[in-house]
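See below for the structure under consideration.
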Amino acid sequence: QQQVKQSPQSLIVQKGGISIINCAYENTAFDYFPWYQQFPGKGPALLIAIRPDVSEKKEGRFTISFNKSAKQFSLHIMDSQPGDSATYFCAASRNSGNTPLVFGKGTRLSVIA
Amino acid sequence: NAGVTQTPKFQVLKTGQSMTLQCAQDMNHNSMYWYRQDPGMGLRLIYYSASEGTTDKGEVPNGYNVSRLNKREFSLRLESAAPSQTSVYFCASSTQGPIYGYTFGSGTRLTVV
């Protein structure tokens, strides 16, 4: 049973465009939702995260939108750049205790000039 | 450089051979994790250690064993390697749980023939 469903699997965006990656979850106990960015040959790195007490969080060109009632959250990359080309993973966990992250299957983003 | 160090970076095993993947962190983190990454499957948790002296199974523990040797080191052992264990293995650590962010190593690419 896949706890976090991520789409699309791959995405091609023109330079300067908006990249949007979506995730949905089933477990209502989840209350921490990070996004990780992975470049080829490297381990993933934390990009941005949100908790369900807010509907949006913005850091530079990266924004998480969160819809608690729909159990969905998404990553928006504004003014996408070739340097943003990477694999992006959404994830979820319970804030309480030390429950490990559950990751989505990843989205390979290519930003073309 | 501070971070998570994984050894080896590459390994080819024959079916039935055994090996241990090493992971060490120098950030005084309490929690450590082993994930495997396969194309189209995302990151799946194998085992984790919430704190020194404890280990727990993740989503895909079959065929693996772990040892939390001390606070710094968390090793993953394949007792009898199978082709299905061909994957990229990532070790990660966090201060105390996912809300503090995971720091990932650069991975071990394992091929079982």
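The values are calculated or read from the model by the stated rules, or taken from the named source; none is laboratory data. What you see is a predicted model, and the numbers here were worked out from it, not measured in a lab. Here the Cβ is made from the backbone with ideal geometry for all residues, glycine too, and neighbour counts use every protein chain on show. Surface accessibility is based on the protein's heavy atoms, side chains included, excluding ligands, DNA and RNA. Shrake-Rupley method; radii C 1.70, N 1.55, O 1.52, S 1.80 Å.
Is one or more of the residues making up the range B:89-101 part of a strand (DSSP E or B) and more than 15 Å from B:Met32 (Cβ to Cβ)? The answer is no, given that none of the residues of the range B:89-101 is part of a strand (DSSP E or B) and more than 15 Å from B:Met32 (Cβ to Cβ). Please go through (1) under 28 Å from A:Gln2 (Cα atoms); (2) surrounded by 17 or more Cβ atoms within 10 Å (Cβ to Cβ); (3) at pLDDT below 95 for B:Met41 and return the number of the only condition it doesn't satisfy. All conditions are met except number (2). Here A:Asn27 clears all of (1) in contact (Cβ under 8 Å) with a residue 60 or more places away in the chain; (2) in contact with a helix residue (DSSP H, G or I) (Cβ under 9 Å, 6 or more places away or on another chain); (3) under 22 Å from B:Gly97 (Cα atoms); (4) among the polar types (S, T, N, Q) except the condition numbered (2). Filtering the range A:50-85 to residues that are in contact with an Asp or Glu (Cβ under 6 Å, 6 or more places away or on another chain), at pLDDT 95 or above and not in a strand (DSSP E or B) leaves only A:Arg61. When B:Ser87 is tested against (1) surrounded by fewer than 20 Cβ atoms within 10 Å (Cβ to Cβ); (2) away from chain A (no Cβ under 11 Å); (3) closer than 25 Å to A:Phe39 by Cα; (4) hydroxyl-bearing (Ser, Thr, Tyr), just one condition goes unmet, and that condition is (1). Residues considered: A:Lys71, A:Lys105. Of these, the only one that is open to solvent by 40 Å² or more (accessible area, probe 1.4 Å), within 14 Å of chain B (Cβ to nearest Cβ) and touching a strand residue (DSSP E or B) at 6+ places or on another chain (Cβ under 8 Å) is A:Lys105. The single condition among (1) part of a strand (DSSP E or B); (2) surrounded by fewer than 21 Cβ atoms within 10 Å (Cβ to Cβ) that B:Thr54 does not meet is (1).
Filtering the range A:3-40 to residues that are open to solvent by 70 Å² or more (accessible area, probe 1.4 Å) and in a loop (DSSP other than H, G, I, E, B) leaves A:Gln3, A:Gln9, A:Lys15, A:Ile18, A:Glu26, A:Thr28, A:Phe39, A:Pro40.
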